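Worksheet for the structure shown next.
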Amino acid sequence: MLPWERQGRDVSSFDQPRAAEARLAEAVGLASSIGLVVVHTAILPVRIRRPSMFLGEGQVAEQGQWIRRENVSVVIVDTALSPVQQRNLERAWGCKVIDRTGLILDIFGERAATREGTLQVELAHLEYQRSRLVRSWTHLERQRGGFGFLGGPGETQIEADRRLIDERLVRIRKELQQVRRTRGLHRSARRRVPFPVIALVGYTNAGKSTLFNTLTGAGVVARDQLFATLDPTMRGLQLPSGRRVILSDTVGFISELPHELVEAFRATLEEVSEADVILHIRDAAHPETMAQRGDVIRVLDDMVSDGTLDAAWPDRTIEVLNKADLLGGVDQVPLRDGAIAVSAITGEGLDRLKAAIDARIASGMEMADYDIPPHDGARLAWLYQHGEVLARRDDETAVHMTVRLLPADRARFEQLG
């Protein structure tokens, strides 16, 4: 396990530089999460990225001695390697070399369960593999004759494989478009029977699924493991006001998320763009909690840049500092900017969190006055179900009501006639 140490990294106002030891611990956790047994770790300072092998010749030789002596079969280098760098390191060390992108892709491939998740993972794998065909074949001079789709005379092995990958990529993208259309229909159905959507986002292993289970009583997989949740899960939740909402658990974020996965998992993150409230779940006890916060914010800002998410997302976001039990309770967690401390394990602070969600939803609601005929029980029931009745006065001609509604619900009710 060979994390590299960054030099002179730009640090924004919300970000903090990561300690090499913390990056190493995260890389070990990633490897362990797919059953790899880590027998050796090293932190190697890198001042200049060598085009040939990324690391310096001395570093390669030193690690090579250890690798051969211990008969290591897989080496993970915790950075993005070019195809040439990966191939040269494999030749120098005589074993398989995986970079950070390849490792995360393997984890996602093992965990994806739904049709959408499986397609997204395959898409990312193929895009990654296509750029590395040069390292997968040593017989580039070998020719293959024309047999149907395998290619015409003179087509090299690598050209044929690249073409086959391209054809598969086209088919997967078409299938994903259909999946996204289906998800869009599901969202449209939810709007017709509208409940506000609350999306949980956060760094991987921040405790999102545990919090999701505690709030909703669901049985989502929740364990101390990176990327335990890959496919979005949704459940209903009743808030203190009696308002019903839909809670959505999403994939965990991670630093330097591979570009292939940011694109491939766009549909998974669509629930965030549709959410009325975003809960940014943080691990309050983690030593790198501020750096992790920066990683999540960076991905969300990228979603704004490509039009997936509106720029006002911070206004509907509540920061939730989870795992307060590891710090001695919610009163021991330093808070700022309206953040809320909770423990998904003990339940401490959850009442305050539910109240904050209620208040955030209410702040986006509009007040309206309606005069409903006394016999129109359906419209009266609709207002009680979807709005917050602030005042009611009945007389012989009408039921006079003052109601607070979400803008979409108000427009929908007024279309009822």
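Coordinate-derived values only; no laboratory data. Just so it is clear, the structure is predicted and the values come from calculations on it, not from any experiment. Reconstructed Cβ throughout: ideal geometry from the backbone, glycine too, with neighbour counts over all protein chains shown.
How high is the FRET efficiency from Arg379 to Ile165, r the C-beta distance, R0 60 Å, rounded to 0.05?
On the way: r = 57 Å, r/R0 = 0.95.
E(calc), rounded to 0.05, equals 0.60.
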Note to self: Which of the three applies to the stretch 366-415, rounded, prolate or oblate, going by the alpha-carbon gyration tensor with a ≥ b ≥ c and a/c under 1.5 meaning rounded?
What the structure shows: prolate
Next item on the list: Calculate one ³J(HN,Hα) per residue across the stretch 36-46 by plugging θ = phi - 60° into the Karplus curve 6.51 cos²θ - 1.76 cosθ + 1.60, and present them in order as whole Hz with x for glycine and proline.
Entry: 6, 9, 7, 10, 7, 10, 7, 10, 10, x, 10
Notebook entry, point to check: Expressed in nm to one decimal, what extension gain is obtained for the pair Val37 and Glu21 from 0.36 nm per residue of sequence separation less their Cα-Cα distance?
Noted result: 3.9 nm
Next item on the list: Based on other C-beta atoms within 10 Å, arrange Leu327, Leu406, Leu55 from fewest to most.
Entry: Leu327, Leu406, Leu55
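Which net charge results for the neighbourhood of Val277, defined as the other residues with beta-carbon distances under 9 angstrom from its beta-carbon, given Lys and Arg at +1 and Asp and Glu at -1? If you can, show how the numbers build up before the last one.
Numbers: positive: Arg316, Arg360; negative: Asp276.
The answer is +1.
Treat the count of other C-beta atoms within 10 Å as a stand-in for reagent exposure and order Val304, Val389 from fewest to most. Show your work: numbers first, answer last.
Details: Val304 15, Val389 12.
Listing Val304, Val389 from fewest to most nearby Cβ atoms yields Val389, Val304.
Would you mind counting up the charge near Ile76? Only other residues with Cβ under 13 Å from its Cβ, with Lys and Arg at +1 and Asp and Glu at -1. Could the numbers behind the result be given before it?
Details: positive: Arg23, Lys96, Arg100; negative: Glu26, Asp78, Glu90, Asp99, Asp106.
Summing Lys and Arg as +1 and Asp and Glu as -1 gives -2.
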Notebook entry, point to check: For Ser209, Ser273, what's the fewest-to-most ordering of other Cβ within 10 Å of each Cβ?
Noted result: Ser273, Ser209
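For Ala359 and Gln332, what is the calculated FRET efficiency with R₀ set at 25 Å and r taken between the beta-carbons, to the nearest 0.05? Write down the numbers at each step before the final one.
Values: r = 24 Å, r/R0 = 0.97.
For R0 = 25 Å, the calculated efficiency reads 0.55.
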Margin query: For Glu366, what residues show an amide H to amide H distance below 5 Å, using hydrogens built from the backbone and excluding near sequence neighbours?
Written below: Leu405, Leu406
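Would you mind classifying the stretch 289-417 by shape? Square roots of the alpha carbon gyration tensor eigenvalues, ordered a ≥ b ≥ c; an a/c under 1.5 is rounded, otherwise it is prolate if a/b is larger than b/c and oblate if not.
Details: a/c = 4.01, a/b = 1.92, b/c = 2.09.
Oblate shape, in that a/c is at least 1.5 and b/c is the bigger or equal ratio.
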